[in-house]
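Following: one structure in structure tokens, then a few remarks.
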Amino acid sequence: MTEVLVLVDHVDGSVRKTTAELLTLARRLGAPSAVFIGSEIDGARDALKQYGAEKVYVLDSSDLTDYLVVPKAEALAQLVEAKQPAAVLIPSNAEGKEIAGRLAIKTDSGLITDAVDLQAGDTGPITTQSVFAGSFTVTAHVIQGTPIITVKPNAVTPEAVDGAAVEEVFEATVSDAAKTAKVTERKPREATGRPELTEAAIVVSGGRGTGGNFAPVEDFADSLGAAVGASRAAVDSGWYPHSYQVGQTGKTVSPQLYIATGISGAIQHRAGMQTSKTIVAVNKDEEAPIFELVDFGVVGDLHAVLPKATEAVKARKA
Amino acid sequence: MKIVVCVKYVPDATAERTFSPDNTVDRVGVDGVLSELDEYAVEEALKIREAADDDTEVVIMTVGPDEARAAILKSLQMGADAGVHVKDEAIHGSDAIATSLILAAAIQKQNADLVLCGMASTDGSMSVVPAMLAERLSLPQVTFASEVTVEGTTVRVRRDGDAATETIEATAPLLLSVTDQSNEPRYPSFKGIMAAKKKPVEELTIADLGLEASQVGADAAWTRVAGFEARPPRSAGTVVTDEGGTGAAQLVEFLAGQKFI
Ligand SMILES: Cc1cc2nc3c(=O)[nH]c(=O)nc-3n(C[C@H](O)[C@H](O)[C@H](O)COP(=O)(O)OP(=O)(O)OC[C@H]3O[C@@H](n4cnc5c(N)ncnc54)[C@H](O)[C@@H]3O)c2cc1C
Ligand SMILES: Nc1ncnc2c1ncn2[C@@H]1O[C@H](COP(=O)(O)O)[C@@H](O)[C@H]1O
């Protein structure tokens, strides 16, 4: 069976959920080969094996991680050349898409970004994308070169399948031209103890309607084991960090359950949450556009509704 | 110093968007605008020009149909100096790979010290054209900048990644893309609007750039759209009014019924 390369998304060796999803999708197309860039393979090995990686290419060199994007694209191009995979799957985050874009040009290959699903087809992988703020789905396929596909988080439920996870050290050569944009400082995000926003099964978001008090939003999120998100209005007001912004210029989330509180539902916000399975809103204005999207809505003051709901959830769980 | 800013003309995000029978994005019958996210790139260029001690020229570049001139005009009204509009029948339906090819060829004629882009186009929103452009132009890429500092030829930016905030440093000539966190785009002033009318806009065809029609457009795409479907509208949900504190109980009842608790 031909190989399918999966670029591993990890933080210091801790493999992110998207990687398990990509490995699961890769198995539909061929034999998953994980591509691990970094020095912390010891922390990642078990997870890669557990989700079915048949091979693991280990690329460990500071040249690959000390500069932005370009060295990783070069290394992947060399792997594609050496291994002739059936496809390359890359996580759809900012860096992943940039790596994919450069890889497409380097290898004269077609690129599909932001896939939300993937199937094997007669002429290679067939992708599904969600476009125009989620109002259309598009199916597409690559007709030249090695299909390079970036996949969004939560595209599939990861399936644990034991893989051989045969390790191979791959020595990539990084050109001087690739070492021009240097990462001079890297500050990891502070841990909140909550699930990662893009990976969470439940997201509770707050907007301008919080009036700057996110405590009821956070407490409700914690009662449900959810991640916390924010609208741009809340972020621009300095109430919540930008890394939690949901929407066109923030994160795209696609959880099982999205709860928008004090958020009107502007198109740019919808762009980041519209593909959520179940949508709930709490808003004091019954005319708010967010109610057009909801499965369940409460017209009311979030400062009254959320604390009560938090208590009720805790009572049920107790 | 010379700064080239790549801007895209897109259908207004607040208008309905759809597909044409040929599977390309329908831009007809929808008002177009300068992609809002490219306003941040124009603004950043103007700020860099204002802070520079030498004569700095800001050139706006767009690839798109006749109407795309409106995106250049808006940028000139904001204060840019000149425009380049690549337009050609053959361009219709170009994907990011072809668009970056055209932009790269047009930029190569400019001898730019800085190439500026937005973080994503509001219609396609692939966020890949800047990286592809840097690849084609062999320029250092400093992308998704949420804060930009320029000192001489050194450009330092803050990039908010998924897992970490990074500081990135590179030396011009380079390609820079900025996010909507980077600045606050200005509105054109009356003076700016009047002045824009006299600013030069050069029009170029594919042939002027030494490219063949077969290298661009829908037929040159390395991907094919097999089909598209309007998502079924979400079925109308239940909306209750919180009277006497009943809203919370009903909400939790719903969540429990859906097995979220
Ligand atoms: C280029 C561009 C990119 C953008 N990107 C994003 C993005 O990524 N993400 C994003 O979110 N936005 C984005 N926006 C902004 C977007 O257009 C909206 O302005 C923004 O989403 C509004 O945030 P909001 O819903 O919190 O605020 P508002 O629209 O002001 O809505 C606040 C809501 O809270 C309700 N409310 C007030 N008080 C209470 C209360 N006590 N209890 C319950 N409800 C209450 C009100 O009824 C109202 O509906 C972008 C805009 C542009 C131009
Ligand atoms: N047709 C175009 N003309 C000029 N610039 C473009 C065009 N398409 C994309 N760009 C630039 O590339 C950025 C990212 O676009 P995209 O990759 O399409 O999301 C935009 O913000 C623009 O700066």
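The values are calculated or read from the model by the stated rules, or taken from the named source; none is laboratory data. Since the structure is predicted, the reported quantities are computational estimates derived from the model, not experimental observations. Positions of Cβ are generated from backbone atoms using ideal geometry, with glycine treated the same way; all protein chains shown enter the neighbour counts. These accessible areas exclude ligands, DNA and RNA; they are computed on the full protein's heavy atoms, side chains included. Shrake-Rupley method; radii C 1.70, N 1.55, O 1.52, S 1.80 Å.
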Here the residues within region B:156-188 that are touching a Ser or Thr at 6+ places or on another chain (Cβ under 7 Å), at the interface with another protein chain (Cβ under 8 Å from one of its Cβ atoms) and of a type in the set (S, T, N, Q) are B:THR167, B:THR171, B:THR179, B:GLN181
Taking region B:210-227 and keeping only residues that are out of contact with any Ser or Thr (no Cβ under 7 Å at 6 or more places or on another chain) and facing chain A (nearest Cβ under 7 Å), one is left with B:THR223, B:ARG224, B:VAL225
Out of all the residues in region B:205-241, which are open to solvent by 40 Å² or more (accessible area, probe 1.4 Å) and in contact with a strand residue (DSSP E or B) (Cβ under 7 Å, 6 or more places away or on another chain)? B:TRP222, B:ARG224, B:VAL225, B:ALA226, B:PHE228, B:GLU229, B:ALA230, B:ARG231, B:THR238, B:VAL239, B:THR241
Residues that are assigned to a loop (DSSP other than H, G, I, E, B), at pLDDT below 95 and within 16 Å of ligand 1 (Cβ to nearest atom): does region B:185-199 have at least one? no
Need a quick list: strands (runs of 3 or more DSSP E) entirely within region A:142-202 having at least 1 residues that are modelled with pLDDT of 95 or more and open to solvent by 60 Å² or more (accessible area, probe 1.4 Å). A:166-169, A:182-188
For region B:156-184, enumerate the residues that are modelled with pLDDT under 95 and assigned to a strand (DSSP E or B). B:ASP160, B:ALA164, B:THR165
Selection status of B:SER94, at pLDDT below 95, crowded, with 20+ Cβ neighbours inside 10 Å and either within 9 Å of ligand 2 (Cβ to nearest atom) or within 9 Å of chain A (Cβ to nearest Cβ) (or both): yes
Is it the case, given these coordinates, that B:SER100 is in a loop (DSSP other than H, G, I, E, B) and under 25 Å from A:LYS72 (Cα atoms)? no
Restricting the first residue to region A:19-47 and requiring it to be closer than 19 Å to A:GLU196 by Cβ, which pairs with a second residue that is open to solvent by 10 Å² or more (accessible area, probe 1.4 Å) and aromatic (Phe, Trp, Tyr) meet a Cβ separation below 9 Å and a spacing of at least six or different chains? A:THR19/A:TYR51; A:ALA20/A:TYR51; A:GLU21/A:TYR51; A:LEU22/A:TYR51; A:LEU23/A:TYR51; A:THR24/A:TYR51
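Against the definition (modelled with pLDDT of 95 or more and either in a loop (DSSP other than H, G, I, E, B) or aromatic (Phe, Trp, Tyr) (or both)), how does B:ALA80 come out, yes or no?
Judged against the criteria, B:ALA80 is a match.
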Tally up the residues in region B:127-155 that are assigned to a strand (DSSP E or B) and either at the interface with another protein chain (Cβ under 8 Å from one of its Cβ atoms) or touching a Leu at 6+ places or on another chain (Cβ under 9 Å) (or both), please. 9
So how many residues does region A:112-122 have that are part of a loop (DSSP other than H, G, I, E, B) and more than 9 Å from chain B (Cβ to nearest Cβ)? 2
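Residue under question is B:GLU203, and the condition is that it be away from ligand 1 (no atom under 16 Å from the Cβ) and modelled with pLDDT of 95 or more; does it hold?
So B:GLU203 passes the test.
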In this structure, does A:SER231 turn out to be open to solvent by less than 30 Å² (accessible area, probe 1.4 Å), of a type in the set (Ser, Thr, Tyr) and near ligand 1 (Cβ under 8 Å from one of its atoms)? yes
Contact list please: Cβ distance under 6 Å, first residue in region B:108-119 and in contact (Cβ under 8 Å) with a residue 60 or more places away in the chain and open to solvent by less than 20 Å² (accessible area, probe 1.4 Å), second residue assigned to a loop (DSSP other than H, G, I, E, B) and away from ligand 2 (no atom under 13 Å from the Cβ), pairs at least six apart or on different chains. B:LEU114/B:ALA172
When every residue in region A:250-265 that is within 23 Å of A:PHE136 (Cβ to Cβ) and facing another protein chain (nearest Cβ under 9 Å) is compared, the one nearest to ligand 1 (Cβ to nearest atom) is A:LYS251
So A:THR137 passes all but one of these: (1) open to solvent by 30 Å² or more (accessible area, probe 1.4 Å); (2) of a type in the set (Val, Ile, Thr); (3) outside any strand (DSSP E or B). Which condition number does it fail? (3)
Count - residues of region B:120-135 that are open to solvent by 30 Å² or more (accessible area, probe 1.4 Å) and in contact with a Ser or Thr (Cβ under 6 Å, 6 or more places away or on another chain): 2
